[in-house]
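The values are calculated or read from the model by the stated rules, or taken from the named source; none is laboratory data. Given the structure is predicted, the values throughout are model-derived calculations rather than measurements. We place every Cβ from the backbone using ideal geometry, glycine too, and count neighbours over all the protein chains shown. Surface accessibility is based on the protein's heavy atoms, side chains included, excluding ligands, DNA and RNA. Shrake-Rupley method; radii C 1.70, N 1.55, O 1.52, S 1.80 Å.
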Amino acid sequence: MTHNPHYFIAVPINPMIKQSIAVKQNDLKDSKLMFKQWTHAEDFHITLKFLGPIPAEKLSKLIFWLSRIDTLSAFELIIDGIGTFGNPNRPRVLWIGVQENNTLSKLYKEVELVCKNIGFSTENRPYRPHITLAKRWKGDTLETDYIKQLHKKNNEIHRIIVDQFVLYRIHPSTAPKYEVIERFQLNNHK
């Protein structure tokens, strides 16, 4: 039985910002932050839509319709701060935040609409853009407010220009594990 590869759609991060995030990530790999999996620096991104397995014919249709998203111009995002998902004392995910941005929200909604029209399920949770640093907690319980203290110490702001979004294929047993399958350029007119 053959399994279809898994895919997701995301905003890529430029190499200089990836390098800066990797430095921050290395600083965070202290004895208190015990995660099973730390994201490879090449895999840093901002997810727009996780898709799961996709058969080849549906993949072609998806690429065709994603390439028709042409109403948005390039825009700036601000990334800063540290946060978690899940129980703050045993977090499921450690991330760097992405400040709220109307154009990013519009891009997310357009991607969701394309995916829904092709037959993918829609996301029920609110969109919380972030860059995952680590996941799958394995350590002892963290002291209360530890993540808040980290946030205060790690408040460096980065500005990134978003001029494209990407379809990634996941290769679970490699590092880095995400392969760019297709790039979709945003309009660069203002």
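Observations
- Between Asp163, Asp145, Asp140, the distinction of being under 15 Å from Ile13 (Cα atoms) and over 15 Å from the mean Cα position of the chain (by Cα) belongs to Asp163 only.
- Residue within the range 123-137 that is out of contact with any Pro (no Cβ under 6 Å at 6 or more places or on another chain), of a type in the set (A, V, I, L, M, F, W, C) and farther than 22 Å from Ser20 by Cα present: no
- Residue match in the range 114-134 (condition: part of a loop (DSSP other than H, G, I, E, B), in contact with an Asp or Glu (Cβ under 7 Å, 6 or more places away or on another chain) and not charged (D, E, K, R)): yes
A quick yes/no check of all residues on (1) modelled with pLDDT of 95 or more; (2) under 30 Å from Gly119 (Cα atoms); (3) open to solvent by 50 Å² or more (accessible area, probe 1.4 Å):
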| position | (1), (2), (3) |
| --- | --- |
| Met1 | no, yes, yes |
| Lys29 | no, no, yes |
| His40 | no, no, yes |
| Ile79 | no, no, no |
| Pro91 | no, no, no |
| Leu94 | no, no, no |
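- In the range 3-16, the residues that are open to solvent by 20 Å² or more (accessible area, probe 1.4 Å) and in contact (Cβ under 8 Å) with a residue 60 or more places away in the chain: Pro5, His6, Pro12, Asn14
- Candidate set: the range 18-27, residues that are more than 14 Å from the chain's Cα centre (by Cα) and open to solvent by less than 30 Å² (accessible area, probe 1.4 Å); chosen: the one farthest from Arg90 (Cα to Cα): Ala22
- Within the range 114-144, considering residues that are touching a Leu at 6+ places or on another chain (Cβ under 8 Å) and within 17 Å of Leu62 (Cα to Cα), the one surrounded by the fewest Cβ atoms within 10 Å (Cβ to Cβ): Ile118
- Subset of the range 62-77 [of a type in the set (D, E, K, R) and either surrounded by 15 or more Cβ atoms within 10 Å (Cβ to Cβ) or within 16 Å of Pro12 (Cα to Cα) (or both)]: Glu76
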